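Laboratory data are not the source of any read-out in this text; all were calculated from the coordinates shown. The structure presented is a predicted model; accordingly, all values stated were derived computationally and were not measured. Ideal geometry is used to build each Cβ from the backbone, glycine not excepted, and the neighbour counts take in all protein chains shown.
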Amino acid sequence: MSHTPSYTNTHPWIALGYPDEDVVEEEYRLGLYKRIADICLFILGIFPDYVERDYRYPSSGEVRPHLRAKFRISPEDYEKEGRKFYRPAAELSSARNLELSRIFEILQENFSKAKKPLNFLARALPPIHPPEIIPISI
């Protein structure tokens, strides 16, 4: 039985942006499901402070309002979506043929643990600052 993610009771950006079995041919599903799950893992692993700060006010912890042009995603929702997409990736025949099914199952079951090495790297690396804008004199 396939565990394709459901889009009905979720955030609008998820409902609009995720692949559908009827639209995406099976040969492309592995890449799409894996990419979505990997992006969720990467964002929570490398930029956890951004996700939290973007979703909640730092001082009060209150959830920021959703704006028309900016839908806010909680850290919990990133994790939920990451887990949700590793599962169908694991069930695809292409994942089995590439011997990736068990890896995706482990990532789905241990998503919180999988982000910890990325969290460590994010703390160990120097902070990323935007480059200075140097005015050009003509």
message = Looking for something part of a loop (DSSP other than H, G, I, E, B) and closer than 26 Å to L107 by Cα - is there at least one such residue anywhere in the stretch 47-63?
response = yes
remark   = Quick count over the stretch 39-87, residues being closer than 28 Å to L100 by Cα and in contact with a Leu (Cβ under 9 Å, 6 or more places away or on another chain), is 13
query = Within the stretch 65-109, can you find the residues that are free of Cβ contacts under 8 Å to residues at least 24 places away in the same chain, surrounded by fewer than 20 Cβ atoms within 10 Å (Cβ to Cβ) and of a type in the set (G, A, S)?
reply = A69, S74, S101
